[in-house]
Amino acid sequence: MSELAHDHATDIRLVVVDHQGQRRALTAVAGWRAMEVIRDWGVGIKAECGGACACAGCHVYVDPDWVDRLPAPSEEEIERLDEALAVEPNSRLSCQILMTPALDGLSLTLAPGSEPG
C-alpha cells in the first residue's frame, strides 16, 4: 500500500461540536493529533502554535464519557490550560490528544477562545 493509499478499515471517527453548535463526524488517522484533524477538516480552531503545546488555542472540552479514557494531561498541558478561557474539569488541549483506534468515536466540543482569527 502506498503512502497515499487510504485504508478505511483503519479510519477513526472524531466527533466535534464546533463553535456554532454543529456536531461533525470527522475521519481521523491513527497517529494524528485531534487538533490536526479538526484543523485539516476546515473546522475553525485557532491552533496558533501548530501542536507544540505553546499556546492554548486548541482548547476543547472532552465529552464526560471519554475523559477517563484519555491519558492524563502532562504538566506542560496543565500549565497551558491556565492560559485558556473558561477552563472546566474536562478541558484539554486537542494538540495533546493523539488519535488511536481506541479513541474511535471520541467526542470533543470546541471551547470559547479557540476560534480562529
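The values are calculated or read from the model by the stated rules, or taken from the named source; none is laboratory data. If you're wondering where the values come from, they're calculated on a predicted model, not measured in any experiment. Ideal geometry is used to build each Cβ from the backbone, glycine not excepted, and the neighbour counts take in all protein chains shown.
Screening the candidates L81, L110, L85 for the property of being at pLDDT below 95 and either surrounded by 13 or more Cβ atoms within 10 Å (Cβ to Cβ) or of a type outside the set (G, A, S) (or both) yields one hit, L85.
Scanning segment 1-34 for residues that are modelled with pLDDT of 90 or more, surrounded by 10 or more Cβ atoms within 10 Å (Cβ to Cβ) and more than 14 Å from S107 (Cβ to Cβ) gives H19, T27, V29, A30, G31, W32, R33. Among the residues of segment 91-103, none qualifies, meaning not one is surrounded by 15 or more Cβ atoms within 10 Å (Cβ to Cβ) and more than 12 Å from the chain's Cα centre (by Cα). Among the residues of this structure, C58 counts as one that is in contact with a helix residue (DSSP H, G or I) (Cβ under 6 Å, 6 or more places away or on another chain) and not basic (K, R). Where strands (runs of 3 or more DSSP E) sit wholly within segment 1-106, those with at least 2 residues that are touching a residue at least 24 places away in the same chain (Cβ under 8 Å), closer than 23 Å to G117 by Cα and not polar (S, T, N, Q) occupy 12-17, 59-62, 91-93. Scanning segment 107-117 for residues being in contact with a strand residue (DSSP E or B) (Cβ under 7 Å, 6 or more places away or on another chain) and either in a strand (DSSP E or B) or among the charged types (D, E, K, R) (or both) gives a total of 4.
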